[in-house]
Amino acid sequence: MLKYYNILLVLFSIVLITPVSCMQDKKVNKQTKETEILPDDIVELREDQVKLAEIETGTIENRSMSGALKVNGTVTVAPQNLATVCMPLGGFIKTTNLIPGTPVKKGQPLAILENQQFVDIQQGYLEAKNRLEYAEAEFNRHNELYKDDVYSQKNVQQVTAEYKSLKAQVKGLEQKLALIGIDPLKLREDNISSSVALVSPISGYVKTVNANIGKFVAPSDVLFEIVNSDNLLLELILFDKDADKVSAGQKIHFFINNETEQHEAQIFQTGKSINTDKTYKVYATVQEICKNVLPGMYVNALIQVSSNKVTALPSDAIVRFEEKQYIFIFEKNKLEDNKPFTEYRMVEIRKGVSDGTFTEVILPEGFDIKSTHVVIKGAYNLLSARKNAGEMSCS
């Protein structure tokens, strides 16, 4: 009986020990696997995975490159090709037939306005002009008589003052007439009018219309905006790091909206100061008349740049991840469970000019170009491994 009791005791002990042992094994495995968790910038591959990914390493080169700098901007015009049209004295709009997009010529009437002040100015000018003619005759007569000692100096001074006052009055009214678009030389007593034509100061097309019949407008009201699109400009925005890559005379290829048609421009002026957001502006003239290119349009542009020797890599060595640019560098070889593994590290860089095959890389401070081996082939496979990497778990 005692013999059977001892056998049962041994069996019971084995049942108790087995779960504890499993738990200890799992704990050890868990601890081991925790030590295998890699930093976010490290990608680890087995020897066979390295061969399958066709990974090759090389060194960063110093190359003389010419390429294209990608920038954005808008189409605009020079100040002399954009006109804001107002009526200096205001008035009621009598007639207008313009809509946005209507082509106009310089001097073409845009609208007819009426104002009682127009009549007053014309009447005052003609009256002052008639008095000036009489005053001028008196001035000349008194000066001749003064020379013959017929009139006193006081009388001559009075006539002279009146003559000069009327002369200034007439000149002032002439300027007012010219301001509202009336030629003083053509004004007569029988052609006084309460209406004047508001004319276009430049040739182009109507961009904005803020006028309708019967509307009263003040001198500060903008009635029309005229744009001449024959001489278009590009206003491009560059970052300060690219300031030394552009200069006057460089060629630009640009595209509008989603069109594939390429247009050409040439830089004529670069910014002389950096904005608070570390950007500056570059201006270029559009080289040809493009009917589908209009002021205000958004453009994508390629500036043809040339540079001295720069640090460069094959373009396929640079990958994009979470809106940033990276390269992979060889970190080390190691053994795990007697199996060879290789670690690669992701390094953030910035891209410069590119000729399609090679791309300039702006490296972080302290980067050792001579001794660092960079992945020049298979970088996208490493990026896929980085994205799909997961922590090992115990089951």
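The values are calculated or read from the model by the stated rules, or taken from the named source; none is laboratory data. Predicted model only: the values in this text are computed from it and were never measured. A quick note on method: Cβ atoms are made from the backbone with ideal geometry, for glycine too, and the neighbour counts reach across all protein chains shown.
Considering only residues that are surrounded by 13 or more Cβ atoms within 10 Å (Cβ to Cβ) and among the hydroxyl-bearing types (S, T, Y), look in the range 194-232 and name the one that is nearest to T285 (Cα to Cα).
Checked the range 194-232; the qualifying residue nearest to T285 (Cα to Cα) is S229.
Kindly evaluate A317 against the criterion of being in the same structural domain as D242 (by TED's automatic domain parsing), buried (at least 17 other Cβ atoms within 10 Å of the Cβ) and small (G, A, S).
no
For the list (1) outside any strand (DSSP E or B); (2) more than 30 Å from L302 (Cβ to Cβ); (3) touching a residue at least 12 places away in the same chain (Cβ under 8 Å), I need the number of the one condition that Q175 fails.
All conditions pass for Q175, except number (3).
Can you name every residue in the range 285-302 that is free of Cβ contacts under 8 Å to residues at least 24 places away in the same chain and under 30 Å from T59 (Cα atoms)?
Within the range 285-302, none qualify.
Name the single residue that is surrounded by the fewest Cβ atoms within 10 Å (Cβ to Cβ) among those in the range 248-270 being under 16 Å from T74 (Cβ atoms) and among the aromatic types (F, W, Y).
Checking each candidate, the answer is F255.
So which of K339, K332 ends up being under 25 Å from K51 (Cβ atoms) and without any contact (Cβ under 8 Å) to a residue 60 or more places away in the chain?
One residue alone meets the criteria, K332.
Each row is one residue, and each column tells you yes or no for (1) over 24 Å from I182 (Cα atoms); (2) of a type outside the set (K, R); (3) not in a strand (DSSP E or B).
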{"residue": "K94", "(1), (2), (3)": "no, no, no"}
{"residue": "N97", "(1), (2), (3)": "no, yes, yes"}
{"residue": "G107", "(1), (2), (3)": "no, yes, yes"}
{"residue": "I112", "(1), (2), (3)": "no, yes, no"}
{"residue": "F118", "(1), (2), (3)": "no, yes, yes"}
{"residue": "I121", "(1), (2), (3)": "no, yes, yes"}
{"residue": "L126", "(1), (2), (3)": "no, yes, yes"}
{"residue": "L132", "(1), (2), (3)": "no, yes, yes"}
{"residue": "N140", "(1), (2), (3)": "yes, yes, yes"}
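What residue, of V310, V305, V217, V282, is hydrophobic (A, V, I, L, M, F, W, C), within 30 Å of G181 (Cα to Cα) and touching a residue at least 60 places away in the same chain (Cβ under 8 Å)?
After ruling out the rest, the residue left standing is V217.
So which of K241, K245 is surrounded by 14 or more Cβ atoms within 10 Å (Cβ to Cβ), among the basic types (K, R) and under 20 Å from K351 (Cβ atoms)?
Only one candidate passes the filter, namely K245.
Give the range 322-359 a look and list any residue that's at pLDDT below 90, among the hydroxyl-bearing types (S, T, Y) and part of a strand (DSSP E or B), or say none.
Once the filter is applied, which keeps residues that are at pLDDT below 90, among the hydroxyl-bearing types (S, T, Y) and part of a strand (DSSP E or B), the range 322-359 yields S354, T359.
Hey, can you tell me all the residues within the range 65-93 that are farther than 26 Å from K245 by Cβ, among the small types (G, A, S) and surrounded by fewer than 21 Cβ atoms within 10 Å (Cβ to Cβ)?
A83, G90
Give V299, V310, V293, V282 a once-over and let me know the one that is surrounded by 18 or more Cβ atoms within 10 Å (Cβ to Cβ), outside any loop (DSSP other than H, G, I, E, B) and at pLDDT below 90.
Being surrounded by 18 or more Cβ atoms within 10 Å (Cβ to Cβ), outside any loop (DSSP other than H, G, I, E, B) and at pLDDT below 90 holds for just one of V299, V310, V293, V282, which is V310.
Touching a strand residue (DSSP E or B) at 6+ places or on another chain (Cβ under 9 Å) and without any contact (Cβ under 8 Å) to a residue 12 or more places away in the chain - does that describe any residue in the range 224-231?
no
Since I202 meets every condition but one in (1) assigned to a strand (DSSP E or B); (2) under 30 Å from G91 (Cα atoms), which condition does it not meet?
It is condition (1) that I202 fails.
Cβ-Cβ under 9 Å, sequence separation 6+ or interchain: first residue in the range 352-372 and surrounded by fewer than 16 Cβ atoms within 10 Å (Cβ to Cβ), partner among the acidic types (D, E) and at pLDDT 90 or above. Which pairs?
Note: pairs meeting the criteria are P364/E348.
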